[in-house]
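> What follows is a single structure, and I will ask about it in a moment.
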Amino acid sequence: MNRGPISGSAGKLDALAKAQAAWGESIPREVAALAAACKAQTSRAVAKRLGYSDATISYVLANKYPGDLPKLFATIRGALIGETVLCPILDEIGRDRCLDEQARPFVATNSTRARLFHACKTCPNRQQKDVA
């Protein structure tokens, strides 16, 4: 039995066409950048770079992602568009790295991590919500 797509079939939309069909004329620049990155590489490679799953990337392109879209857009702006923020400890860093640092736990054996943990609590760039 022959499985999979038919060789040479034109029925499959590329990432940019899929995003434009789902989002319409009001496609956000983050989604356009994500689609362009998926067209240049595989969606799996882009997902790994962003720290999300391949399914999440597909959901975002199809405008069906039920998760925290503003956080994902901030990650895309940092990793793919090049948005930076001014960190009180690390100076100028990418927005995606800022989000990663916010999510990391306290480590007393690393002075930079300990300083970051305390500085992130009151930083104006903070996006993480306190669980307590």
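The values are calculated or read from the model by the stated rules, or taken from the named source; none is laboratory data. Computed from a predicted structure; not experimentally measured. With ideal geometry, Cβ positions are generated from the backbone for all residues, glycine too; neighbour counts draw on all protein chains shown.
> Cβ-Cβ under 6 Å, sequence separation 6+ or interchain: first residue in the range 113-127 and among the aliphatic types (A, V, I, L, M), partner assigned to a helix (DSSP H, G or I). Which pairs?
116/101
> Restricting attention to the range 85-113, which residues are surrounded by 14 or more Cβ atoms within 10 Å (Cβ to Cβ) and either in the same structural domain as residue 51 (by TED's automatic domain parsing) or hydrophobic (A, V, I, L, M, F, W, C) (or both)?
Within the range 85-113, 85, 87, 89, 90, 93, 98, 99 qualify.
> Can you pull out the helices (runs of 4 or more DSSP H) entirely within the range 4-111 that have at least 1 residues that are more than 14 Å from the chain's Cα centre (by Cα)? Give the derivation first.
Numbers: elements: 15-23, 29-40, 43-50, 54-61, 69-76, 95-103.
Here the list reads 15-23, 29-40, 95-103.
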